[in-house]
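Scroll down for the structure; my scribbles are underneath it.
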Amino acid sequence: MKLDSYWLDTAPVFSEGAEGPVDGRADVVVIGGGFTGLSAALELATRGASVTVLEAGRIASEASGRNGGQCNTGVAQDFASLAARVGLEQARGFYRAYESAVASVESIVTSHQIDCDFVRTGKLKLAAKPKHFEKLARTYEVLRREVDRQVELIPPERMRSEIGSDGFHGGLLQRNGVQMHMGKFGVGLAKAATRHGARIFEGAAVTQLKRIDGERYELTSARGVIKADQVLVATGPSRLGPLQWFQQRMAPVGSFIVVTEPLSKQQLDAFFPHRRSYVTSLNIGNYFRVTPDNRLLWGGRARFAMSNPRSDEKSGNVLRKGLAKYFPELATTRIDYCWGGLIDITVDRLPRAGQHEGLYYSMGYSGHGVQMSTHMGRVMADVMSGSDHANPWRMLSWPAVPGHAGRAWTLPLVGAYYRMQDLLF
Ligand SMILES: Cc1cc2nc3c(=O)[nH]c(=O)nc-3n(C[C@H](O)[C@H](O)[C@H](O)COP(=O)(O)OP(=O)(O)OC[C@H]3O[C@@H](n4cnc5c(N)ncnc54)[C@H](O)[C@@H]3O)c2cc1C
């Protein structure tokens, strides 16, 4: 078993990274080469800006290359609860932002001809308990009435046509969700950005930020110093570098994934006839899908822990047990990959984007970021050109998480709370 991301292990090599030292100046320096940073770099470079990306490690090797591979419409939380909290109009706007985000991914894949196994299969949310189906049914009514005519409720008696497991009690289908190979998409984005003139430096962790005036900054990185007229911070839940203001506003939560050996067509047709993206309705639930080469990717929060090889392996064992519970026939299937990554969770699970002390930023996608990070890269290019109204998150304030200094010490407590909720409700 490889303790490595399947997406990164099976992605093409990115060999167009800039050589030599980081120096001189750029119209825009982007800190972070995940989907947010790469998409912004591509968009800005396409518009003729001189763009430099400073990436601490390899491009798209953190959350963007370690995720569950789902690219869905829909907000991270229950739509009805969101509408009750922020108002219907606002909730509709947020929901539509995710539709635009999936459309952005599709348009980038198409217009830059990124070969990444892009396919539209829809997302099926699975009721893990009979009473969860009642909640899905209420959500379905609101979604259909207010914002998404295509959503479909699958009653318990029709579930066998959707999934080969007796563990689920109905489902909610959102047809617009897509899937792709995250490693191929990341490398494709980076290559497209370099083709349009962006310079991407890997191994260039930013260690110091000095404000010159207004939006102008001098950035010190592991590979040299550069001045920028504008800076975009696209670092996810990073704990590296001078980013404390951002770190105090998100809780980095570990999420873990295992990938099986390839399954036969007969097995896949029996268990996942429509090859959808699946999520379960528990607080500490699971997300899963089939990879382009017919493996089952099975993820979940597993343990409230940070990701590192030892921790990932322990989480992998928890995930394996969960997989066997829902699909007993796959209990002895070989696990070929196991890894983890950090999710940048905000208190209300809504993203944040805007400007702080002259630095532009976009992050906090709270586990629903494949589409939104890619979309926000484009949106931030607009915002940085003066079109602030393009930013769907502009009106959200962003207070620090109370008592949180950017570390993960509260995670076991948070985990115990959610596990209790899953037992009770
Ligand atoms: C295990 C897991 C499963 C997930 N599953 C899904 C899913 O199925 N669907 C979905 O929609 N979302 C999912 N997500 C979330 C999604 O992957 C992220 O929201 C998205 O990739 C965020 O992209 P990003 O570019 O903002 O951040 P990242 O991909 O984390 O990129 C940030 C980059 O910044 C770099 N960096 C950090 N600090 C510095 C510094 N000081 N200097 C230079 N560079 C720096 C990092 O090295 C990193 O490459 C998942 C996340 C994880 C971890």
Being open to solvent by less than 30 Å² (accessible area, probe 1.4 Å) and either outside any helix (DSSP H, G or I) or at positive phi (or both): is that true of L240 here?
no
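Any residue at all in region 155-168 that's part of a loop (DSSP other than H, G, I, E, B), in contact with a Gly (Cβ under 9 Å, 6 or more places away or on another chain), in contact (Cβ under 8 Å) with a residue 12 or more places away in the chain and open to solvent by 60 Å² or more (accessible area, probe 1.4 Å)?
So the first thing to find is which residues in region 155-168 are part of a loop (DSSP other than H, G, I, E, B), and the list is 155, 162-168.
Among the residues that remain, those that are also in contact with a Gly (Cβ under 9 Å, 6 or more places away or on another chain) are: 155, 162-163.
From what is left, the residues that are in contact (Cβ under 8 Å) with a residue 12 or more places away in the chain are 155, 162-163.
Subsequent filtering for residues that are open to solvent by 60 Å² or more (accessible area, probe 1.4 Å) retains none.
No, region 155-168 contains no residue that is part of a loop (DSSP other than H, G, I, E, B), in contact with a Gly (Cβ under 9 Å, 6 or more places away or on another chain), in contact (Cβ under 8 Å) with a residue 12 or more places away in the chain and open to solvent by 60 Å² or more (accessible area, probe 1.4 Å).
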Which ones in region 67-108 are within 15 Å of the ligand (Cβ to nearest atom) and of a type in the set (A, V, I, L, M)?
V75, A76, A97, A101, V102, A103, V105, I108
Is it the case that R216 is within 13 Å of the ligand (Cβ to nearest atom) and among the basic types (K, R)?
no
Filtering region 245-279 down to residues that are within 16 Å of the chain's Cα centre (by Cα) and in a strand (DSSP E or B) yields A251, P252, V253, G254, S255, F256, I257, S277, Y278, V279
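Table: residues versus (1) more than 25 Å from T10 (Cβ to Cβ); (2) crowded, with 22+ Cβ neighbours inside 10 Å; (3) in contact with a helix residue (DSSP H, G or I) (Cβ under 7 Å, 6 or more places away or on another chain).
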{"residue": "R289", "(1), (2), (3)": "no, yes, no"}
{"residue": "P309", "(1), (2), (3)": "no, no, no"}
{"residue": "K325", "(1), (2), (3)": "yes, no, no"}
{"residue": "C338", "(1), (2), (3)": "no, yes, yes"}
{"residue": "L359", "(1), (2), (3)": "yes, no, no"}
{"residue": "Y365", "(1), (2), (3)": "no, yes, yes"}
{"residue": "G377", "(1), (2), (3)": "no, yes, yes"}
{"residue": "R394", "(1), (2), (3)": "yes, no, yes"}
Among the candidates T207, T235, single out the residue that is over 30 Å from P328 (Cα atoms), touching a strand residue (DSSP E or B) at 6+ places or on another chain (Cβ under 9 Å), surrounded by fewer than 18 Cβ atoms within 10 Å (Cβ to Cβ) and hydroxyl-bearing (S, T, Y).
T207
Report yes if some residue within region 11-30 is surrounded by 24 or more Cβ atoms within 10 Å (Cβ to Cβ) and away from the ligand (no atom under 14 Å from the Cβ); otherwise report no.
yes
I'd like to check which strands (runs of 3 or more DSSP E) are fully inside region 280-374 and have at least 1 residues that are among the basic types (K, R).
286-290, 295-300, 352-356
If a residue counts only when it is of a type in the set (A, V, I, L, M, F, W, C), touching a residue at least 12 places away in the same chain (Cβ under 8 Å) and farther than 18 Å from D382 by Cα, which helices (runs of 4 or more DSSP H) contained entirely in region 13-117 have at least 3 such residues?
79-86, 88-111
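The values are calculated or read from the model by the stated rules, or taken from the named source; none is laboratory data. This structure is a prediction, so every number in the text was calculated from the model and none was measured. As a convention, Cβ positions derive from the backbone with ideal geometry for all residues, glycine included, and neighbour counts pool all protein chains shown. Accessible surface is based on the protein model in full, side chains and every heavy atom, while ligands, DNA and RNA are left aside. Shrake-Rupley method; radii C 1.70, N 1.55, O 1.52, S 1.80 Å.
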